[in-house]
Structure formats: C-alpha cells, structure tokens
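Visitor: Can you read through this structure? Questions will come right after.
The values are calculated or read from the model by the stated rules, or taken from the named source; none is laboratory data. Everything quoted here is computed from the prediction, not taken from an experiment. Methodologically, a virtual Cβ is constructed for each residue, glycine included, from the backbone with ideal geometry; neighbour enumeration extends over all protein chains shown. These accessible areas exclude ligands, DNA and RNA; they are computed on the full protein's heavy atoms, side chains included. Shrake-Rupley method; radii C 1.70, N 1.55, O 1.52, S 1.80 Å.
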Amino acid sequence: MTTDPMLLEVRDLTVTFPTPRGPLDAVKSLDLDLEPGGALGIVGESGSGKSMTSLAIMGLQPRAARRTGSVRLRGRELVGMSEADLRRVRGDRVAMVFQDPLSSLNPYYTVGLQIEEAYRAHRPGVTRRAARKIAIAALERVHIRDAAVRVNHYPHQFSGGMRQRVMIAMALSTEPELLIADEPTTALDVTVQAQILDLLQEIRRETGTGLVLITHDLAVVSEITDHIVVMKDGVCVERGAVEQIFTDPRHPYTQALLDAVPRIDDEIGELRAVVPDAATTSPATENTATENGGPA
Ligand SMILES: Nc1ncnc2c1ncn2[C@@H]1O[C@H](COP(=O)(O)OP(=O)(O)O)[C@@H](O)[C@H]1O
Ligand SMILES: [Mg+2]
C-alpha cells in the first residue's frame, strides 16, 4: 500500500427510526475520523445516540432502523457490504466491548472455551490446542494471573472487573485494528474502572490498536483519548482535541458535561484524608492483585 488511509472515516452517518410521529434520527449526519492507532472519545448523556453510532458503524443497528451515509475502514466502504463480508470484518479487524460483560458471556461455558470459540470463528482451521494457547496468552495479556488455571473457570468465578478483562482479552485475540468500547467501565467501581482504563491505554500503546471509547463520563475519555466528539440528540455539537475541549469548551452542553466531572484534585485530597498512604501505593498493582485473588 502506498497510502496510509484513515483507520476509520465516518461521513454523514444517519440512523433513522420510524415512529408513530414520523421518522426520528437517533444519529444525524455524524462525521468521525480516527487515524491508525489513534483514540477517539464519543461523549454524551444517555440517549444521545452513542450506542446507536457504534452499532451503525458495524452494521449492527436494529432492523427497524435505516442507516445512510458512509463508513470506511482503511478506505474500504462498509455501508452496502454483504453480510458475509461484514461478518469477516467484525471480530477480525474490528472488535467491540460493551458495558455489561456478564450479558456478553455465556454462564455455562468456561471463559477459555468462549475465547477459543470466538477466535476460531474468525480463524477457521485453527486447532483446539492452538486456540487454547491463544486464549491463555490473551488472558495473560490482560493481566489475569494464573491464566492457565483461570482459563478453565466460569464467568461467575470472576469479579466484574475481571470479567471485563476477559471480554477485552476475547476482543483482542484476533488482533483487530480497531476496538470499539461502549461504556466499558460504567458498571464498575471507580478503582476497577481506573484499572480497566489503564489496561486499554497499555494495549493501545503496545499493539497500536485504534480505539473508539464511548462514555457518558468526560473524565473517562480525558484519560486515554486524544480527540473527543460530544453528542447531543444524535448530533455532534462539539469536537476537538481533549485539551481544547477541557480548557475552552465552545458549546454550553459541553460546559454542562464538564461541570459534572468531579474535580480530580478534590478526590485525591479526600482519599488522602481517609487512607494516609493512598498517594504512595500504586492502585493498579494493588487492586489487580486482590481482585485476581479468586472468585468474586
Ligand atoms: N428500537 C428503537 N426504536 C426507536 N428509537 C430508538 C430505538 N433504539 C434507540 N432509539 C433512539 O435512539 C436514541 C439513542 O439511543 P442510544 O444510542 O442507545 O443512546 P446512548 O447510547 O447515547 O445512551 C434513543 O434516545 C432513542 O430515541
Ligand atoms: Mg449507550
């Protein structure tokens, strides 16, 4: 390849639902750009069209909805692509992680089997034995200790944070170019949330996987994305570099979202008052270790 096209280029994406009162645009004329290895945050309150955007990128919008516009992955148009080709793109070149890992995991199968099956679905011909090795390596990659043992455990034997690690391991097993994470930390405690964000950041750095991170929480995107798109009622109301959005928000809605972000300094101050050595212990190592300790 002589050119290096954008990893993801979305133009004029619109998702319309028929309603008794006429058509309703859940997403309206949205443009998104993501460079290879880049990280884009999509932020907005509940109902602003974030999830519909991520689904529509992959052609997974509800059947009732009509999707128009253009979605290009490395220059290749996904809108209008055959279902068979789309299935190949999904999970192979693009992977998704959702808010609730429990609903995405089957309680009756070990996490190892589920990672193996997901992997083999996209790599036909791979033996069980080889897939098992991939599954263990994937669990190690997301820092689940004793991966060779844990691979045989069932979802309920993992805590919420660990389950989300399993989902991320599964998503990354095929080494996708793009990871779309829709509220991946929303269901988790604040400390665990920080650990998952650290993990996503580390994976980005080490593998160069592009990231679209969707959240209602501006504090979350500010940690690991370089650009932010702010959505309201299906429309992008503001976009820019993280620093620009934080220091000089143009839209009152962005300002309102910013006002909802707890001042990080205050939180650290409070934490210090309660736990005297909170500032010196590394929360990531500490809590990953305890969380890893066994079933929740
Ligand atoms: N099945 C549906 N039928 C009609 N409208 C829908 C349907 N699903 C979602 N919507 C509309 O899409 C909007 C955006 O939803 P969603 O993308 O889930 O928001 P977010 O993820 O930002 O919370 C909703 O406010 C709703 O109006
Ligand atoms: Mg959503």
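Visitor: Tell me, which helices (runs of 4 or more DSSP H) wholly within segment 180-254 include 2 or more residues that are within 19 Å of L8 (Cα to Cα) and of a type outside the set (A, V, I, L, M, F, W, C)? I'd like the intermediate steps shown before the answer.
Guide: Numbers: elements: 190-207, 218-224, 242-247.
Of the helices (runs of 4 or more DSSP H) lying wholly inside segment 180-254, those with at least 2 residues that are within 19 Å of L8 (Cα to Cα) and of a type outside the set (A, V, I, L, M, F, W, C) span 190-207.
Visitor: Can you name the number of the only condition in (1) more than 16 Å from ligand 2 (Cβ to nearest atom); (2) farther than 20 Å from E140 by Cβ; (3) polar (S, T, N, Q) that T215 fails?
Guide: Status for T215: all satisfied but (1).
Visitor: Just the residues that are closer than 20 Å to G91 by Cα and under 12 Å from the mean Cα position of the chain (by Cα), please, taken from segment 204-233. Quick ask: steps written out before the conclusion?
Guide: To start, the set of residues in segment 204-233 that are closer than 20 Å to G91 by Cα comprises 204, 206-214.
Answer for segment 204-233, where residues must be closer than 20 Å to G91 by Cα and under 12 Å from the mean Cα position of the chain (by Cα): R204, T209, G210, L211, V212, L213, I214.
Visitor: Another question about this same structure. For segment 37-81, which positions are over 14 Å from D12 (Cα atoms), open to solvent by 50 Å² or more (accessible area, probe 1.4 Å) and either more than 13 Å from ligand 1 (Cβ to nearest atom) or small (G, A, S) (or both)?
Guide: Passing the criteria: S46, G47, S51, A64, R74, R76, G80.
Visitor: Let me ask something else. Considering T215, T186, T174, which residue is open to solvent by 40 Å² or more (accessible area, probe 1.4 Å) and either closer than 28 Å to L86 by Cβ or not acidic (D, E) (or both)?
Guide: Details: T215 fails: open to solvent by 40 Å² or more (accessible area, probe 1.4 Å); T174 fails: open to solvent by 40 Å² or more (accessible area, probe 1.4 Å).
Only one candidate qualifies: T186.
Visitor: Any residue in segment 146-165 that's open to solvent by 40 Å² or more (accessible area, probe 1.4 Å): show its pairings with residues that are among the aromatic types (F, W, Y) at Cβ separation under 9 Å, as long as the two are six or more apart or on different chains.
Guide: Close Cβ pairs (under 9 Å, with a partner that is among the aromatic types (F, W, Y)) amount to Y154/Y108; Y154/Y109.
Visitor: Moving on. Sort out which residues of segment 82-95 are surrounded by fewer than 19 Cβ atoms within 10 Å (Cβ to Cβ) and touching a residue at least 60 places away in the same chain (Cβ under 8 Å), and write them in order of number.
Guide: D92, R93
Visitor: Residue check: is R11 over 20 Å from the mean Cα position of the chain (by Cα), away from ligand 2 (no atom under 16 Å from the Cβ) and either part of a strand (DSSP E or B) or at positive phi (or both)?
Guide: On the way: over 20 Å from the mean Cα position of the chain (by Cα): yes; away from ligand 2 (no atom under 16 Å from the Cβ): yes; either part of a strand (DSSP E or B) or at positive phi (or both): yes.
Yes.
Visitor: Condition check: in contact with an Asp or Glu (Cβ under 9 Å, 6 or more places away or on another chain) and farther than 27 Å from M170 by Cβ. Does S51 satisfy that?
Guide: On the way: in contact with an Asp or Glu (Cβ under 9 Å, 6 or more places away or on another chain): yes; farther than 27 Å from M170 by Cβ: no.
Taking the combined requirement at face value, the residue does not satisfy it.
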